[in-house]
Amino acid sequence: MHTSGLVCALGASYEEFTLNAQFAVEEGELACIIGPSGCGKSTTLQLITGLLPLKEGSITLFGNDLTSVPVHHRQIAMVFQEYALFPHMSVAENIAYPLKLRHIKKSQRTRRVDELLSLVSLEGYEKRKSDELSGGEKQRVALARALASDPQLLLLDEPLSALDAKLRKHLREEIRRIHDETGITTLYVTHDQEEALSIADRIIVMHEGTVMQSGKAEEVYHAPNSLFVATFIGEGNTLPAHLLHQDDEARGGVIFFRPEQVTVHATTPGEYLPHLAFSDATVESCEFQGGRYRLHTRWQGHPIVCYCDRRPRTTSINFSVRKQDILLFEGTNSKNLPR
Amino acid sequence: MRLREMEQSRFYQHLAVPALLVITLFFLVPLVITLSSAFIGPGGGFSLAPITRVFTDPYILRIMRFTLIQASLSTLTSLVVALGGAYLLSSYSFRFKRLILALSAVPFVIPSILVVLGFVIFFGNNGFLNTALMKLFSLPEPPVRILYSYKAIILAHTFYNFPIIMNLVATYAMHLDRRLEAASYTLGASKAKTFFAITLPRLLPAIISASSLVFLFCFSSFAIILVLGGGPRYTTMEVEIYRQARMVGNTGAAAALSLFSIAVTSLMLIAYNRSQRRLAKSEAYLQPLFLEKRPAGLVGRALAALYTIITLLFVLAPIISVIVRSVYSSSGFTLRWYRQLLNVERATSHMGSALTALVNSLLIALIVSFIAVSLGIGLAASIQRRRRGRGTLELLGMLSMTVSSVIIGLGYFLIASRLVGRASLSYTLVVLAHLVIALPFALRVLLPEYRKIPATYTNSARTLGSTPARAFFAVELPLLKSAMVSSAIFAFAISMGEFNATLTLASSTIVTLPIVMYRLIGSYNYQGACALGTILIAVSALVFIATTATKGKKHAY
């Protein structure tokens, strides 16, 4: 296991929900926890901060066991989903709050607040109250306040979920930039896979209170270790394996491939060994998505989604998928199709 | 190590300790002492004799029956008067609507001794109403003779309580989603059908809730009955408890009656709480949709005018009468009673103790409001931020509401009679009794405001490095500032106007503003009483302004 960074083994049980999650984040990484709602993402963060009690397991940060350290001594800052800016304090007072707690002198405090405000691009906002800020500005202040506590670990709980799509994209780039500038180990919870894939060094996929997979974004996308991860991250097609694969061993399994791995042919493809060929699929709908077309097709009664560059001229098309791109899931095992 | 879990909850548990100590020592212990005398026989040992004697005495049984009947009747008349007004206020907009709605909240803050005084001054034989009618129609005799009768009690209760029902039901109705009625109309239902099938069932919890509150007020009404009842003919439980303890000296009978009274008030409070909970669950609280609909037709306009007059007559007229009478008598304008109050002029009768009473009342109210808010805030924090046992703690905080203030006073009277006391000790007892009475009200103001503060504020402060205590003082307390101010004013006013417990527990040497007012009314010095009443009106007005001001203000969390 890792010796540096964050190492968690979390166990806690609640009414109708048990959490049992193990994962590690390396020093300086920006890791995203992603999963459907109710999978235990937010609970995980609350357990790490110590706001919720841990039933069993441990939390280790840079080699120190934090399990019995009180919340305010953990040096783990958290940005809450609804920002939680103190409404009776100005922007500057909010950011200065953790500095005051650490008995930092007033002159230094003012300087640090200025630095942090410029880090989050909010120069000149010192005097404002939280109800005079937009959602995106509140988010930045909350981030600056969290950074002011000089945390060893920064937790972000769905920080962008309350913002509109355009601002979300911009702010997630900002979060990445601020992370790179400060180098603080960061754990980021989201349910938006695009957000996770685009900014994370590491993706931790959670499902029903357990960690399903942890790894680099590409790894999780291209080599999912379970059908859940495969279908949860990105779009994909699943078909019963026996339809295409006559081997006895694969009868009960499911094959999986991504829409962009499908090649659409104008003519009937020849017998080409490294490929699986699908002929006479019916096009049920065709969406223009700007750079490409997204086709909903039906092949032998099964829906298959594929991307292609041109709008098909006929309602019946043929396509193929390279065997090396196809994953075969059987029970809890997964492997590539034999070529 | 489960230390972390303990730490925060331990802090909040400690915050409740002072309030719980006060509740136990100064409410539960006196109550147990009071009620235990219901089980002590003439010989001194355990006996059910006081209870059986009370519950077989035809005189007492008649009082019980009368108490329940007058409370039911008063509630019913209040309901009848209130519902039309509530309908009018919630469905139409008319000239004096805002004024009526604001005035209907007045009885929440006005002390009962003031109601009595206003009633006598306005409806009395030489009151403003009779004087005006006699002048207008040149009558030789006052035409309205209702003082000291059954009618007077019901009328005073109605005057005191119908605005409460009207206010609660109308406010609730205004926040209901009117699109449901619109949907019903589009589905083909008539106006009447829609009202009975859609509107009324949704209003019912609010009506039940308001009615049970009013029943409770009427059941434990004390000052109104004491003054307007005119003797043993129209006596209720509360007055009888006071009479048995203070005049007859039969504390056993008083305790036995208290048992019955507590049983009824507890039942009513349970009903009230259940309907409140149903209300909270039943429908989303919408921003009021102001329908700019004028009352249609002659009937509608007449109804609007009628309710404007009724509200002004019942709520405002007696109060204004008190102020006017304090400076204006049949011989013209005079400041004599204020001069006597301030000891500028030699005082007559009970006016001699008026200044002392005013100073006492102000001091007692200041102390009570300060302690009540401090205890209330600790208790509210503890209730709100704990994981388990919230309901039990909240119930403990509200418990003294189940016991009428006469019974609370009785407990202190029993304690005081055992201690050979100096005046300062008696005043301490008055402060404690007021504190016990004011605490639930302070809590009721603070708790909803506390609930509005999201837990993430504290959590956020904690992850930024604050201890639970620092997070509480730096984040939560500043956010509760306005709630603390309004609960302090509330507690202050309750203490200033408190009459029932003070009269029951105090020896004759103890004077507060309401006590002196009562004595002045008893000796027919109405003008002096009105001068003191005007001061009490000023305090009530302050509370009224404070509560309506905070109601409009919304925090953006």
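Evaluate the following for A:Leu117: is it more than 14 Å from chain B (Cβ to nearest Cβ), at negative phi and more than 23 Å from the chain's Cα centre (by Cα)?
yes
Here is a list of conditions, (1) open to solvent by 60 Å² or more (accessible area, probe 1.4 Å); (2) on the phi < 0 side of the Ramachandran plot, and A:Asp150 meets all of them except one; can you say which number that is?
All conditions are met except number (2).
Which of the residues that make up region B:464-475 are open to solvent by less than 40 Å² (accessible area, probe 1.4 Å), assigned to a helix (DSSP H, G or I) and within 10 Å of chain A (Cβ to nearest Cβ)?
B:Pro468, B:Ala471, B:Ala474, B:Val475
List the helices (runs of 4 or more DSSP H) that sit entirely inside region B:310-408 and contain at least 2 residues that are buried (at least 22 other Cβ atoms within 10 Å of the Cβ) and outside the structural domain of B:Phe544 (by TED's automatic domain parsing).
Counting at least 2 such residues, we get B:317-327.
Please go through region A:37-49 and pick out each residue that is open to solvent by less than 10 Å² (accessible area, probe 1.4 Å) and within 11 Å of chain B (Cβ to nearest Cβ).
A:Leu45, A:Leu47, A:Ile48, A:Thr49
For region A:161-192, name all the residues that are of a type in the set (Val, Ile, Thr) and either more than 23 Å from A:Leu61 (Cα to Cα) or assigned to a loop (DSSP other than H, G, I, E, B) (or both).
The one that is of a type in the set (Val, Ile, Thr) and either more than 23 Å from A:Leu61 (Cα to Cα) or assigned to a loop (DSSP other than H, G, I, E, B) (or both): A:Ile184.
State yes or no: is A:Glu137 open to solvent by 10 Å² or more (accessible area, probe 1.4 Å), within 29 Å of A:Glu195 (Cα to Cα) and within 13 Å of chain B (Cβ to nearest Cβ)?
It is false that A:Glu137 is open to solvent by 10 Å² or more (accessible area, probe 1.4 Å), within 29 Å of A:Glu195 (Cα to Cα) and within 13 Å of chain B (Cβ to nearest Cβ).
List the pairs whose first member sits in region B:303-332 and is of a type in the set (Phe, Trp, Tyr), whose second member is surrounded by 15 or more Cβ atoms within 10 Å (Cβ to Cβ) and not in a helix (DSSP H, G or I), and whose Cβ atoms are under 6 Å apart, counting only residues at least 6 apart or on separate chains?
Listed pairs, sorted by first residue: none to list.
Here is a yes/no grid of residues against (1) crowded, with 20+ Cβ neighbours inside 10 Å; (2) touching a strand residue (DSSP E or B) at 6+ places or on another chain (Cβ under 6 Å); (3) more than 14 Å from every other protein chain (Cβ to nearest Cβ):
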{"residue": "B:Thr456", "(1), (2), (3)": "no, no, no"}
{"residue": "B:Ser482", "(1), (2), (3)": "no, no, no"}
{"residue": "B:Phe490", "(1), (2), (3)": "yes, no, yes"}
{"residue": "B:Phe499", "(1), (2), (3)": "yes, no, yes"}
{"residue": "B:Leu513", "(1), (2), (3)": "yes, no, yes"}
{"residue": "B:Leu520", "(1), (2), (3)": "yes, no, yes"}
{"residue": "B:Ala531", "(1), (2), (3)": "yes, no, yes"}
{"residue": "B:Val539", "(1), (2), (3)": "yes, no, yes"}
{"residue": "B:Thr548", "(1), (2), (3)": "no, no, yes"}
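For region B:123-159, what are the residues that are among the aromatic types (Phe, Trp, Tyr), closer than 27 Å to B:Ser112 by Cβ and open to solvent by 40 Å² or more (accessible area, probe 1.4 Å)?
B:Phe128, B:Tyr148, B:Tyr150
Check region B:170-184 and report whether any residue there is surrounded by 13 or more Cβ atoms within 10 Å (Cβ to Cβ) and in contact with a Gly (Cβ under 8 Å, 6 or more places away or on another chain).
Yes, some residue in region B:170-184 is surrounded by 13 or more Cβ atoms within 10 Å (Cβ to Cβ) and in contact with a Gly (Cβ under 8 Å, 6 or more places away or on another chain).
Checking the condition open to solvent by 10 Å² or more (accessible area, probe 1.4 Å) and among the hydrophobic types (A, V, I, L, M, F, W, C), which residue from A:Leu160, A:Leu197 passes?
Only one candidate qualifies: A:Leu197.
Please enumerate the residues belonging to region A:57-72 that are surrounded by fewer than 18 Cβ atoms within 10 Å (Cβ to Cβ) and either away from chain B (no Cβ under 11 Å) or touching a His at 6+ places or on another chain (Cβ under 7 Å) (or both).
Of everything in region A:57-72, those that are surrounded by fewer than 18 Cβ atoms within 10 Å (Cβ to Cβ) and either away from chain B (no Cβ under 11 Å) or touching a His at 6+ places or on another chain (Cβ under 7 Å) (or both) turn out to be A:Gly57, A:Phe62, A:Gly63, A:Asn64.
With the requirement that a residue be under 18 Å from A:Leu119 (Cα atoms), among the small types (Gly, Ala, Ser) and touching a Gly at 6+ places or on another chain (Cβ under 7 Å), what does region A:143-178 give you?
The answer is A:Ser149, and nothing else.
For a quick check of your reading of the model, give me the residue pairs whose first member lies in region B:25-52 and is at positive phi, whose second is outside any helix (DSSP H, G or I) and open to solvent by less than 70 Å² (accessible area, probe 1.4 Å), with beta-carbon atoms closer than 8 Å and at least 6 apart or on different chains.
Once the first residue is at positive phi and sits in region B:25-52, no partner that is outside any helix (DSSP H, G or I) and open to solvent by less than 70 Å² (accessible area, probe 1.4 Å) comes close enough.
Considering only region B:271-302, state which residues are touching a helix residue (DSSP H, G or I) at 6+ places or on another chain (Cβ under 9 Å), modelled with pLDDT of 65 or more and open to solvent by less than 70 Å² (accessible area, probe 1.4 Å).
Correct list: B:Ala271, B:Tyr272, B:Asn273, B:Ser275, B:Gln276, B:Leu279, B:Pro295, B:Gly300.
Do we have A:Ile184 as among the aliphatic types (A, V, I, L, M), more than 9 Å from every other protein chain (Cβ to nearest Cβ) and in contact with a strand residue (DSSP E or B) (Cβ under 8 Å, 6 or more places away or on another chain) here?
Spelling it out, A:Ile184 is indeed among the aliphatic types (A, V, I, L, M), more than 9 Å from every other protein chain (Cβ to nearest Cβ) and in contact with a strand residue (DSSP E or B) (Cβ under 8 Å, 6 or more places away or on another chain).
When residues of region A:200-215 are filtered for being open to solvent by 10 Å² or more (accessible area, probe 1.4 Å) and either part of a strand (DSSP E or B) or without any contact (Cβ under 8 Å) to a residue 60 or more places away in the chain (or both), how many remain?
7
Mind listing just one residue for me: the one in region A:73-108 that is touching an Asp or Glu at 6+ places or on another chain (Cβ under 8 Å) and open to solvent by 20 Å² or more (accessible area, probe 1.4 Å) and, of those, farthest from the other protein chains (Cβ to nearest Cβ)?
A:Ala92
Given the criteria modelled with pLDDT of 90 or more, over 21 Å from A:Ser37 (Cα atoms) and within 11 Å of the chain's Cα centre (by Cα), does A:Asp201 qualify?
Answer is yes for this residue.
The values are calculated or read from the model by the stated rules, or taken from the named source; none is laboratory data. Only a predicted model underlies this, so the values are computations on that prediction, with no experimental measurement involved. Here the Cβ is made from the backbone with ideal geometry for all residues, glycine too, and neighbour counts use every protein chain on show. Note: accessible area is taken over every heavy atom of the protein model, side chains too, but ligands, DNA and RNA are not part of it. Shrake-Rupley method; radii C 1.70, N 1.55, O 1.52, S 1.80 Å.
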